[in-house]
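Right, one structure below, let's go through it.
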Amino acid sequence: MGFLPGSRRITGQISKFLETAAFDPALPPAADPAWPRITVVTPSFNQAPYLEKTILSIHNQGYPNLEHIIVDGGSTDGSVDIIMKYEARLAHWQSRPDAGQCDAINQGAARATGQYMTWINSDDLLLPGALLRMGDLIRRDPDVDLFYGNQVEVDRWDRVTKRVYTIDFDLKDFLYEVHIIIHQQSALWRVDLFRELSGLNDCAYAMDYDLFYRMVRRGIRWRRIRDFQAAFRIYSDSLTGSGEVRRSRSPTVDRIFEEATGRPRTLWDRTVWRSFHKARRFLLEPRSLMCAVEHRLWQSMAREGIGP
């Protein structure tokens, strides 16, 4: 668990939020047209240890106009039993082989009837109040195409290991990938925009980076939310925790850099300019530096087998 009070406080909020279902699993979610309809797509494959918590984090939101779609790739670990437990809450679910995470999300988005959507992976979480904050902002500012906020990283036991503060979008920061800026789990965007861009089309673990770049090139209106919206789970056998995502996304990051700047990314870009933008981010959001130090301390203690 993180050392700082903010990390411990959010850990406690998550624990309490996921204790039990704050809804009747036998009843469908509300559909109040006074609130914008939000679609959440959950791609799922053999994540039974975490899937129920993901579902609880979405439906415990108490959002008045929710559509939840689960697209499972044919899990064999008991995930289907968990999905069926909450079947009445789901607008659609399926469990059959697919072409991977991108395909599952695109299939779910094709069925979406919401005005806005996101996807929440079957081991990630929405934090308390996330959808209500988003819905309220949509009602007050309906011309925004993309909302995004802060998020936390959690371990397999739902303990916050890092708080990630975002900044206002800047294309150069985005291109140098010092900080992804828009965290997919904490973002919400127009369904019609997603469809206009033909959904996800770069599936080598950089689908979100590619999607947001295409959105920005499209000339969207965005708004940053200063609240913590979601939890991204990182553990040793997850794709991100294993390092596979970082290794596999590099070609996409390089391609987008060259497309945006008209030149290949050089060693100077990867070192000097990257360091410059990293320092700039810490100046824009000093809490990021504090939380980065906290995270490094946590990692060091974890490697030594010491629990904070």
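Bear in mind that the values in this text are calculations on the coordinates, not laboratory data. Note that the structure is a prediction, hence the values are computed from the model and not measured. Counting neighbours? That spans all protein chains shown, and the Cβs are built from the backbone with ideal geometry, glycine included.
Check segment 16-34 and report whether any residue there is surrounded by 14 or more Cβ atoms within 10 Å (Cβ to Cβ) and under 17 Å from the mean Cα position of the chain (by Cα). Looking for residues that are surrounded by 14 or more Cβ atoms within 10 Å (Cβ to Cβ) and under 17 Å from the mean Cα position of the chain (by Cα), one finds none in segment 16-34, hence no. Checked against (1) in a helix (DSSP H, G or I); (2) touching a helix residue (DSSP H, G or I) at 6+ places or on another chain (Cβ under 8 Å); (3) over 28 Å from Ile83 (Cα atoms), Phe194 passes all but condition (3).
In segment 1-60, which residues are part of a loop (DSSP other than H, G, I, E, B) and of a type in the set (S, T, N, Q)? Walk me through how you get there before you give the answer.
Going residue by residue through segment 1-60, those that are part of a loop (DSSP other than H, G, I, E, B) are 1-4, 18-30, 32-37, 45-47, 60.
Residues satisfying the conditions are Thr20, Asn46, Gln47, Asn60.
Just so you know, in segment 81-94 the residues that are within 14 Å of Lys53 (Cα to Cα) and among the aliphatic types (A, V, I, L, M) include one that is surrounded by the fewest Cβ atoms within 10 Å (Cβ to Cβ), and it is Ile82.
Matching residues to (1) surrounded by fewer than 20 Cβ atoms within 10 Å (Cβ to Cβ); (2) out of contact with any Ser or Thr (no Cβ under 7 Å at 6 or more places or on another chain); (3) more than 29 Å from Ala292 (Cβ to Cβ):
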| residue | (1), (2), (3) |
| --- | --- |
| Asp170 | yes, yes, no |
| Tyr176 | no, yes, no |
| Ile180 | yes, yes, no |
| Gln184 | no, yes, no |
| Arg195 | yes, yes, yes |
| Phe212 | no, yes, no |
| Val216 | yes, yes, no |
| Trp222 | yes, yes, no |
| Ile225 | yes, yes, no |
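May I ask you to list the residues in segment 105-149 that are surrounded by fewer than 22 Cβ atoms within 10 Å (Cβ to Cβ), of a type in the set (A, V, I, L, M) and assigned to a helix (DSSP H, G or I)? Ala109, Ala110, Leu132, Leu137, Ile138, listed by residue number. The residues listed here are Thr54, Thr42, Thr11; of these, the one that is touching a residue at least 40 places away in the same chain (Cβ under 8 Å), within 21 Å of the chain's Cα centre (by Cα) and surrounded by fewer than 22 Cβ atoms within 10 Å (Cβ to Cβ) is Thr11.
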